[in-house]
Amino acid sequence: MQKPTASILTVITILSRLIPHPANFTTLGATSLFSGSKLGRPWNYIVPFVAMVVTDLIIGLHGTMVYVYLSIAISIWIGEKYLKTDDGSKRVAAAAIANSTIFFVITNFGVWASSTLYAKTFSGLVESYAMGLPFWRNMLLADMLFSVGIFALYRYAQQQTAVDRFDRKLGNIMGINNGGGN
């Protein structure tokens, strides 16, 4: 069974999408990077996608979901490939910048390609990206803040062995056999 912290991370991500917040200012990017880095497969993909499915069912479905979910999968992959062995603050910050930028490029292309908001011309594509800049800014700020924060807290907790104690206690309360694995 996966560590109970995966459950907590999912709940935090769900809440960050449901409580009032500036557009795109959520823990989703940080959760995806962290899950890719610290959770074993398939949990590293399950945590962010469960959070998205649950919240999308509440907030509403839309025509660009395939682009959003693709971006999340890439974010998890970035965590897996670039942060699994080295999660120093500079590397996490670089991954957060890459994550926000990739999300911006893919999802704004998706809005342009699959909606009637913009002309299907090069200038329509440029307009789509220009209109998405405030959303990219918010996501960039959120990804930087939450990613650096969550990785720093995790490193601190590891040094205190608090994560293992927390997982055991929470696992006992929840009746989950922790098994010591990711």
Under a point-charge model restricted to the Cβ atoms of Lys and Arg (+1) and Asp and Glu (-1), what is the dipole moment magnitude of the chain relative to its Cα centre, in debye to the nearest 20? 360
Rank 164, 56 by accessible area, highest first, at a 1.4 Å probe radius? 164, 56
Using θ = phi - 60° and Karplus 6.51 cos²θ - 1.76 cosθ + 1.60, couplings along the stretch 73-78 (whole Hz; Gly, Pro as x): 4, 5, 4, 4, 4, 4
Under-30-angstrom lysine pairs by C-alpha in the chain, whenever the two are 8 or more apart or on separate chains: 11
Would you mind getting the Kirkwood hydrodynamic radius of the stretch 60-131 from its Cα pairs, rounded to one decimal in Å? 13.4
Global form of the stretch 1-93, assessed from the alpha-carbon gyration tensor, a/c cut-off 1.5: prolate
Determine the order of 65, 144, 174, 52 by accessible area, beginning with the largest, at a probe radius of 1.4 Å. 174, 144, 65, 52
For the stretch 1-46, what is the convex hull volume of its Cα atoms per residue in Å³? 60
Short version: ³J(HN,Hα) in whole Hz for each residue of the stretch 94-110, in order, from phi by Karplus 6.51 cos²θ - 1.76 cosθ + 1.60 (θ = phi - 60°), x for Gly and Pro, what are they? 5, 5, 5, 5, 4, 4, 4, 5, 4, 4, 4, 5, 5, 6, 6, 4, x
Average accessible surface area per residue within the chain, 1.4 Å rolling probe, Å²: 53
Helix-only mean residue ellipticity at 222 nm for the chain, each DSSP H run of n ≥ 4 adding -39500 (n - 2.57), per residue, nearest 500: -25000 deg cm²/dmol
Here the stretch 43-51 yields Karplus 3J(HN,Hα) values (6.51, -1.76, 1.60; θ = phi - 60°; whole Hz; Gly and Pro given as x) of 4, 5, 8, 5, 4, x, 6, 5, 4
Using protein chains only and a probe of 1.4 angstrom, how many square angstrom of residue 169 are accessible, to the nearest 10? 130
Over all directions, the stretch 42-91 yields a Cα convex hull whose mean projected area in nm² is 4.2
What is the helix-to-structure angle for 4-18, meaning the angle in degrees between its Cα long axis and the longest Cα principal axis of the chain, kept from 0 to 90 and rounded to the nearest 10? 30
Would you mind listing how long the stretch 87-178 runs along its three principal axes, going by Cα atoms, in whole Å with the largest first? 56, 32, 16
Accessible area of the chain belonging to carbon and sulfur atoms, whole % at 1.4 Å probe: 70
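The values are calculated or read from the model by the stated rules, or taken from the named source; none is laboratory data. Just so you know, these numbers come straight off a predicted model, no measurement behind them. Note that each Cβ is placed from the backbone with ideal geometry, even for glycine, and that neighbours are counted across all protein chains shown. We work out accessible area using only protein heavy atoms, side chains counted, and drop any ligands, DNA or RNA first. Shrake-Rupley method; radii C 1.70, N 1.55, O 1.52, S 1.80 Å.
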